[in-house]
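Read through the structure below, which is laid out as structure tokens, and then see the notes.
The values are calculated or read from the model by the stated rules, or taken from the named source; none is laboratory data. Quick caveat, the model's predicted, so the values are computed rather than measured. We place every Cβ from the backbone using ideal geometry, glycine too, and count neighbours over all the protein chains shown. In case anyone asks, the SASA skips ligands and DNA or RNA and just uses the protein heavy atoms, side chains included. Shrake-Rupley method; radii C 1.70, N 1.55, O 1.52, S 1.80 Å.
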Amino acid sequence: MILANLLSMNNLENQTIMTLLERAEKFRQGEKAPIDGTVVNLFFEPSTRTKMSFEMAENKMGLAVLPFETAFSSILKGETLYDTVRTMEAIGVDAVIIRHEEEEYYQQLEGCKVAVINGGDGSGQHPTQSLLDLLTIYQEFGRVEGIHVTIVGDIAHSRVAKSNAAALKQLGAEVTFICPEEWSGEYDSSEHLDDFIEKTDVVMMLRVQHERHAVSAMFSKENYHEQYGLTIEREKRMKEGAIIMHPAPINRGVEIADCLVECERSRIFKQMANGVFVRMAVLEYALKGRD
Ligand code: CP
């Protein structure tokens, strides 16, 4: 049996996505995971939600979790990522969850037999975030096909935007990108959120990723909020039943008005709750593997 990797949404078929979402929904309803194994969470970049919800998922599944702290590991002596992962494999680990600042770090791991689950690679992909976002949209609308999703913010540097762009389009959603022109990356985008706010079903706000690029010293939180943010006035113009999403962490008052973070339309904390069940489904997928 070969353990299954989850590296990107780009090569995931619709059938696989749907199976993962169905399993996540079953776990949300209390189904127990019929699987065991030993896993390690290798986080080389800061994380609150992804790391903690993987830990919660592992706990709920009764998996053995080996502790790993980069600050106390031989990474500090210059050990490579490949040698670190091969070491995990040698001592009997079945799956590693990795967050790393390098885009496509997993290319270095070719030949490793341990299952690799991508917890975010630089500005590349964040597949478990995309899956929990899809689950949240399914729970709300019962489908993704035909749903209009407006993704707003730092598109070029956002692994959330890239993962969701691929998966949402593949599943038949209509996706609009809103951002300053210099942050559009490979995507066609508009700078005018007001042109879309009344017709969109999902407004997905993104954090400005100051750590990934030199934001101009002229960057003004107030100006950004006014031009690209979900303001109180814009929320009032959203159509009935439309929802607000954000992967978090949130810059309150920058991409979204403080009081909207927990407003009636907001599904932000529901997304986080769904993250646990999606990660249970992904761990099951990785550990069950394929023949
Ligand atoms: N959404 C998300 O990936 O959050 P963390 O960086 O806290 O894991």
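Using a Cα-Cα cut-off of under 29 Å, which lysines could be cross-linked to K77, ignoring same-chain neighbours fewer than 8 residues away?
Hits, sequence-local ones excluded: K51, K113.
Indicate the gyration tensor shape class of region 1-63 (rounded, prolate or oblate), computed on the Cα atoms with a ≥ b ≥ c the square roots of the eigenvalues: a/c under 1.5 is rounded; otherwise a/b larger than b/c is prolate and the rest oblate.
Working: a/c = 1.44, a/b = 1.10, b/c = 1.31.
Rounded, because the longest to shortest axis ratio a/c is under 1.5.
Over 28 Å between C-alpha atoms is what I'm after, so list which of K60/K239; K162/K199; K60/K221 land there.
Pairs exceeding the cut-off: K60/K239; K60/K221.
Treating only the Cβ atoms of Lys and Arg (+1) and Asp and Glu (-1) as charged, compute the dipole magnitude of region 69-200 about its Cα centre; round to the nearest 20 debye. Walk me through the numbers on the way to the answer.
On the way: 9 positive and 24 negative charges, 120 e Å.
That gives region 69-200 a dipole magnitude of about 580 debye.
Using a basic spin-label model with each label point 7 Å from the Cα along Cα→Cβ, how many nm lie between S190 and A273?
A separation of 3.3 nm, rounded to one decimal place.
Enumerate the calculated ³J(HN,Hα) couplings along region 103-113 in order (Karplus 6.51 cos²θ - 1.76 cosθ + 1.60, θ = phi - 60°), each rounded to whole Hz, writing x wherever the residue is Gly or Pro.
Those phi angles translate into 5, 6, 3, 5, 4, 5, 9, 4, x, 6, 9 Hz.
Using the alpha-carbon atoms, what tilt in degrees (0 to 90, nearest 10) does helix 159-170 show relative to the longest principal axis of the chain?
80
Angle between the Cα long axis of helix 14-28 and the longest principal axis of the chain, 0 to 90 degrees, nearest 10?
So the inclination is approximately 80 degrees.
Would you mind calculating the relative contact order of region 84-236 from Cα pairs under 8 angstrom and at least 6 residues apart, reporting the percent as a whole number?
Values: 231 pairs, mean separation 28.8, N = 153.
Computed over region 84-236, the figure is 19 percent.
Hey, what number do you get for the chain at 222 nm if only DSSP H runs of n ≥ 4 count, each worth -39500 (n - 2.57), divided across all residues, to the nearest 500? Spell out each step's value before the answer.
On the way: 8 runs with 100 residues, N = 291.
Calculated from helices alone, the mean residue ellipticity at 222 nm is -11000 deg cm²/dmol.
Given H placed on each backbone N at 1.01 Å, which residues far from I178 in sequence or on other chains put an amide H within less than 5 Å of it?
I151, V152, G153, S190
Please report the relative contact order for the chain, taking Cα pairs under 8 Å with a sequence separation of at least 6, and give it as a percent rounded to a whole number.
25
Working out 0.36 nm times the residue gap between L66 and Q107, then minus their Cα-Cα distance, what length gain in nm do you get to one decimal?
Contour length minus the Cα-Cα distance gives 12.4 nm.
I need the phi-derived Karplus couplings for region 87-93: 6.51 cos²θ - 1.76 cosθ + 1.60, θ = phi - 60°, integer Hz, Gly and Pro marked x.
5, 4, 4, 5, 8, x, 6
Whose amide H sits under 5 Å from the amide H of I243, counting only residues 5 or more places off or on another chain, with H placed in the peptide plane?
The list, which skips near neighbours in sequence, is V202, V203.
Calculate one ³J(HN,Hα) per residue across region 174-186 by plugging θ = phi - 60° into the Karplus curve 6.51 cos²θ - 1.76 cosθ + 1.60, and present them in order as whole Hz with x for glycine and proline.
Here the 3J(HN,Hα) series is 9, 10, 10, 10, 10, 5, x, 3, 6, 10, 7, x, 7 Hz.
Could you calculate the FRET efficiency of K26 with D83 from 1/(1 + (r/R0)^6), where r is the beta carbon distance between them and R0 is 30 Å, rounded to 0.05? Show your work: numbers first, answer last.
On the way: r = 38 Å, r/R0 = 1.25.
Approximately 0.20, to the nearest 0.05.
Let me know the charge dipole size of the chain about its Cα centre in debye, to the nearest 20, where only the beta-carbon of Lys, Arg (+1) and Asp, Glu (-1) is charged. If you can, show how the numbers build up before the last one.
Numbers: 30 positive and 45 negative charges, 181 e Å.
Rounded to the nearest 20 debye, it is 880 debye.
Compute the accessible area per residue over the chain, keeping the other protein chains in place, probe 1.4 Å, unit Å².
Accessible area per residue: 45 Å².
Answer with one residue from G229, G146, P180: the one whose Cα lies farthest towards the positive end of the charge dipole of the chain, charges on Cβ with Lys, Arg +1 and Asp, Glu -1.
G146
What residues have an amide H closer than 5 Å to that of S123, excluding those fewer than 5 places away on the same chain, when H is modeled at 1.01 Å from N in the peptide plane?
Under 5 Å from the amide H of S123 lie the amide H atoms of E103, each far enough along the sequence or on another chain.
Considering Cα pairs under 8 angstrom that are at least six residues apart, work out the relative contact order of region 56-164 and quote it in whole percent.
Contact order relative to length: 20 percent.
With the full set of protein chains in place, find how many percent of the accessible area of the chain is carbon and sulfur; take the probe as 1.4 Å. Before the final figure, lay out the partial values.
Values: 6310 of 13160 Å².
Of all accessible area on the chain, carbon and sulfur atoms account for 48 percent.
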